Amino acid sequence: MDWIIETDMGVDDQISIVYMAAKSLTSDAINIKAVLTQGNGLAHVGPAKNNAVRLLRLAGLKPTELPDVGTGSQYGLDGFHQYPADWRYNNDKLSNVSITEYQETWQEHNQSSESLLKKYLIRSKETNQPISIFSLGTFTNIAKCST
């Protein structure tokens, strides 16, 4: 089964990403096609994307196995509402957990989360192959894609 993970990169999301990625290495039931980060959730734009790549690699994915990783907007649909700054900076730093910085940084995977979501939904419709969305975030990417 193909999956898209939509995330605001909170601690619960971080654990879910590592779990799903690790399971994808041993199960045909999980094929992660994309991770859609958000910049208006529990992490800022750049760190959210960079940390998603770091967590995928921590789970055991090789550089050639990485799914697409998208960058979400730093703004919500209804303006500039954010979690408290302390929470966001803590998540930017992965709660100070020591995880290797990999060569594959967020700059090397520079597509928007919204465009990736549209791409995979269109491909799913054209090929008549279902894709599931595991939404852990604030649904901003999904909402923007549906407008």
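Each value in this text was obtained by applying a stated rule to the coordinates, not by laboratory testing. Here the structure is a predicted model, which is why all the values come from computation and not from measurement. Methodologically, a virtual Cβ is constructed for each residue, glycine included, from the backbone with ideal geometry; neighbour enumeration extends over all protein chains shown.
Things worth noting here:
- Gain in span if fully extended, ILE15 to LEU121, counting 0.36 nm per residue against the direct Cα distance: 35.6 nm
- Within the stretch 24-67, the proportion of C-alpha pairs whose separation exceeds 11 Å stands at 68%.
- Simple label model, 7 Å out from Cα along Cβ direction - ALA85 to CYS145, nm: 3.3 nm
- For ASP28 and LYS93, a Förster radius of 41 Å and the Cβ-Cβ distance give a FRET efficiency of 0.75, rounded to the nearest 0.05.
- Length available on full extension from TYR102 to THR64: 0.36 nm per residue minus the Cα-Cα distance, which gives 12.4 nm.
- Computed lengthening from SER112 to TYR75, 0.36 nm per intervening residue step minus Cα-Cα distance: 12.0 nm
- When only alpha carbons are used to place a centre, the stretch 1-60 and the stretch 122-147 end up 15 Å from one another.
- Across all Cα pairs in the stretch 1-85, the calculated P(r) in 5 Å bins from zero up to the longest distance comes to 3, 16, 27, 24, 15, 8, 5, 2, 0 percent per bin.
- Helix-derived mean residue ellipticity, 222 nm - over the chain, DSSP H n ≥ 4, -39500 (n - 2.57), to 500: -12000 deg cm²/dmol
- Ratio Rg/Rh, restricted to the stretch 2-145 and using Cα atoms, in which Rh is the Kirkwood radius: 0.95
- Segments 137-144, 89-96 sorted - mean Cβ within 10 Å per residue, highest first: 137-144, 89-96
- Of the beta bridges in the stretch 2-145, as assigned by DSSP with both residues counted there, near 5 percent are antiparallel.
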